[in-house]
Amino acid sequence: MSKDRTAETNESRSFQDRVFARFDTIDDRFERVEGRLSSVEIRIGKLEDRQYDTKPIWEKALAAIAETNTAMLAGFDEFRHQLESINARLDSMDARFDSMDARFDSMDARFESMDARFDSMDARFESVDAGFDSMDAKFEALNDKVEAGSNTLHVDLEDGLRGVERKIDVLNKNILELQADQRYVDSRLEKIESKPS
């Protein structure tokens with residue numbers, strides 16, 4: 001009864017159809033056994049009519065019945081083994097799908113975290129742009145004062161330059177923070193991309 005099991009799994013019939021086909025095969029075997037038994041009974045009846053010794057015939061009939069029972073039990077054992085194998089494969093596939101779902105959920109969470117960081121970086125860049133706009137406005141005001149030739153130009157220029165110097169320091173600090181954040185995001189992306197999928 002050693003059959004190619006890969007042919008059974010690749011078969012286009014459904015599992016239920018294959019089970020019913022097995023039952024049909026078993027029913028056919030039962031019908032053959034019943035046919036043999038009825039022919040044995042007919043022979044026994046004829047022998048009894050003739051008053052012959054029927055012991056050898058009965059022994060053959062019992063041997064045939066025992067052989068059929070053994071074949072049926074072996075078939076049921078093989079069928080049970082195939083069902084257990086199919087159930088084990090299905091359980092293994094369920095575990096793999098659960099593992100894949102968990103990995104995808106983890107990746108979704110990481111991408112959401114990265115989106116939030118990029119939004120934060122965008123906000124910082126907007127703040128830097130606003131600082132540059134403010135500096136441009138102050139430089140324009142200084143230019144206006146220079147053109148007007150005011151007496152306080154030198155004092156205002158020094159104060160303005162000190163303010164510009166402070167803002168440049170703040171701007172440098174913001175740029176350094178942005179570079180550090182960018183390096184962190186790049187390293188996280190490299191880790192995520194290097195993980196096997």
Among (1) assigned to a helix (DSSP H, G or I); (2) loosely packed, with under 12 Cβ neighbours inside 10 Å, which single condition is Ile26 missing? (2)
Determine, yes or no, whether Val155 is touching a residue at least 12 places away in the same chain (Cβ under 8 Å) and either assigned to a helix (DSSP H, G or I) or not small (Gly, Ala, Ser) (or both). no
Of the residues that sit in the stretch 1-23 and are modelled with pLDDT under 75 and of a type in the set (D, E, K, R), which one is surrounded by the most Cβ atoms within 10 Å (Cβ to Cβ)? Glu8
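Against the definition (surrounded by 11 or more Cβ atoms within 10 Å (Cβ to Cβ) and among the acidic types (Asp, Glu)), how does Asp156 come out, yes or no?
On the way: surrounded by 11 or more Cβ atoms within 10 Å (Cβ to Cβ): yes; among the acidic types (Asp, Glu): yes.
Criteria met by Asp156.
The values are calculated or read from the model by the stated rules, or taken from the named source; none is laboratory data. Since we're looking at a predicted model, the values are computed, not measured. A quick note on method: Cβ atoms are made from the backbone with ideal geometry, for glycine too, and the neighbour counts reach across all protein chains shown.
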